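Single-structure report; data block below.
Any read-out appearing in this document is the output of simple, stated calculations on the displayed coordinates, not a laboratory observation. Because the structure is predicted, anything quoted here is derived from the model rather than measured. Cβ sites come from the backbone with ideal geometry, for glycine too, and all protein chains shown count toward neighbours.
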């Protein structure tokens with residue numbers, strides 16, 4: 001049985017972009033094939049919540065081989081997208097003066113549906129623990145109103161790393 005949605009997916013308005021991909025790049029260091037976020041659409045500091053999405057394109061690097069003739073977004077990339085969303089939140093609340101929050105692990109992850117080219121993967125993250133040495137976000141992913149993923153994403157700081165190109 002899936003958990004209750006953190007936010008009613010029918011209430012999410014993806015037409016109002018708060019931060020575009022260029023803005024995400026000022027916080028997150030991933031580039032090229034590893035950029036897994038298209039936009040941030042909500043940042044609710046009072047509730048430690050962030051919502052963003054990934055538009056899954058037909059020319060993603062994994063499409064040709066995962067799976068031939070029936071491309072499915074790999075679960076590890078769905079988790080990476082959730083980790084990037086969580087890392088963006090930590091940067092937005094200035095959890096660290098330098099470096100960034102990196103993907104440190106995951107717990108209780110389940111995949112409940114398919115993500116395919118042409119889909120918009122909506123991601124929701126809610127901070128459960130926000131500490132400078134360790135973060136935990138409850139994350140969920142939706143295609144339309146269908147929950148396709150949920151789990152806890154753990155973040156750890158990479159301090160002493162250079163700021164992302166174009167970073168603040």
* Structure fact -> Footprinting proxy, 130, 121, 18: sorted fewest to most Cβ within 10 Å, the residues are 18, 130, 121
* **the chain - percent relative contact order, Cα under 8 Å, separation 6 or more** => 26
* Asked: When a footprinting reagent is the concern and you count Cβ atoms within 10 Å, what order do 147, 1, 34, 73 take, fewest first?
  -> 1, 34, 147, 73
* Using only Cα atoms, find the angle between the long axis of helix 75-92 and the longest principal axis of the chain, and express it within 0 to 90 degrees, rounded to the nearest 10. => 30
* To do: Using just the alpha carbons, could you tell me how many Å³ per residue the convex hull of the chain encloses?
  => 113
* Asked: For the chain, modelled as a Gaussian network with Cα springs under 10 Å, which listed residue fluctuates most, 49, 67, 106?
  -> 67
* Asked: Mean residue ellipticity at 222 nm from the helices of the chain, using -39,500 (n - 2.57) per DSSP H segment of n ≥ 4 over the full residue count, to the nearest 500 deg cm²/dmol?
  -> -4000 deg cm²/dmol
* To do: Counting only C-alpha contacts under 8 Å and six or more residues apart, can you give the relative contact order of region 1-87 as a whole percent?
  => 23
* To do: List 89, 70, 53 from most exposed to least, where exposure is judged by having the fewest other Cβ atoms within 10 Å.
  => 70, 53, 89
* To do: Please report the orientation-averaged projected area of region 52-127, defined via the convex hull of its C-alpha atoms, in nm².
  => 5.9
